[in-house]
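First up is the structure itself, then whatever we jot down about it.
The values are calculated or read from the model by the stated rules, or taken from the named source; none is laboratory data. Keep in mind the model is a prediction, meaning the values are calculated, not measured. Reconstructed Cβ throughout: ideal geometry from the backbone, glycine too, with neighbour counts over all protein chains shown.
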Amino acid sequence: MAVFQRLLTNMALLSKKNNQDEVMEQSEMVEVGDAVPAILFNTMPKSGSVFILRSIENGLRIPYVNVSDGYFPDDLLQRTRFQEFALGNCITQSHVPAHPINIGMLNHYIDRMVLHVRDPRQALLSWTHHVRRFQNDRGALSVFVPSIPDEYFSWSLHEQIEWQIENYCPGLVNWVEGWIDHIKKEDQSFKIMITHYEDFLEDQEKFFKEFFKFYDVEWEKFIFTEVEKSADTNFRSGTLDEWRSVFAESQNEKMLSMMSNEVKAFCRVEC
């Protein structure tokens, strides 16, 4: 027990040192005079978010700062990490919901955020393919919500989609509804810009120009660099409406029935 306690203490000290180093590095970057604000890119899972994140990270030459553990759909911002992020000259990408704890920190530390969404049907299909990557990684699967059944990987793609619609889709829709409800409130202290994955695919330059205009970042600061389209950037070569050729009609109808007209409009869902 004593050895284990010493191990925990050493890990805590190391984590504290790394955090201090990161704060110092960000502070030094801000003092250079060519800084950008803290960029929060909050996204629906499987909406091209990692690919877009890497493009901005590389193009502005700013570091990524992790501010949460990523447990969708119930993720919470971690205050110490978020304080470091709020120093600026960095970017973070999360899937945090409009939970009161998250809203409280957003109100206190930042003045704007980008909320990025897409058609939930295509997001769910991409998520189903994404989960397949972790078939042999039980550690990763252990933090998926809802938990993946043991027999899941013996099922056909159709059966896996069916399970995801029944179990994953409610959380996905609730996540969107939570942000819609927050945006409708009048007492907001931070601005939210809504972006759509479909717009990114249609015109990347326009997407980034609007993104940086929202953050008061001069377009000339951005040097567009090609980001490799690979599993490392969670990129999968699926079409915008791939779900049309994969979903059974009953699956499409089921997902549509789970979305209010408000969610459909917000995510630009076309029947």
Exercise for review: Just one of (1) at pLDDT 95 or above; (2) out of contact with any strand residue (DSSP E or B) (no Cβ under 9 Å at 6 or more places or on another chain); (3) farther than 27 Å from Ser142 by Cβ trips up Pro63, so point out which.
Suggested key: (2)
Point to revise | Residue tally, condition at pLDDT 95 or above and not in a helix (DSSP H, G or I), over region 252-271 | key: 5
Revision key, fill the gap. Here the residues within region 70-100 that are under 30 Å from Leu256 (Cα atoms) and out of contact with any helix residue (DSSP H, G or I) (no Cβ under 6 Å at 6 or more places or on another chain) are Gly70, Tyr71, Phe72, Asp74, Asp75, Ser94, His95, His99, Pro100
Check your understanding: Name the helices (runs of 4 or more DSSP H) wholly within region 89-161 that hold at least 1 residues that are crowded, with 20+ Cβ neighbours inside 10 Å and in contact (Cβ under 8 Å) with a residue 24 or more places away in the chain?
Key -> 100-109, 120-132
Point to revise | Tabulated pairs, region 59-74, first assigned to a loop (DSSP other than H, G, I, E, B), second of a type in the set (Phe, Trp, Tyr) and at pLDDT 95 or above, C-beta under 7 angstrom, 6+ apart or interchain | key: Val65/Phe85; Val67/Phe82; Val67/Phe85; Pro73/Trp175
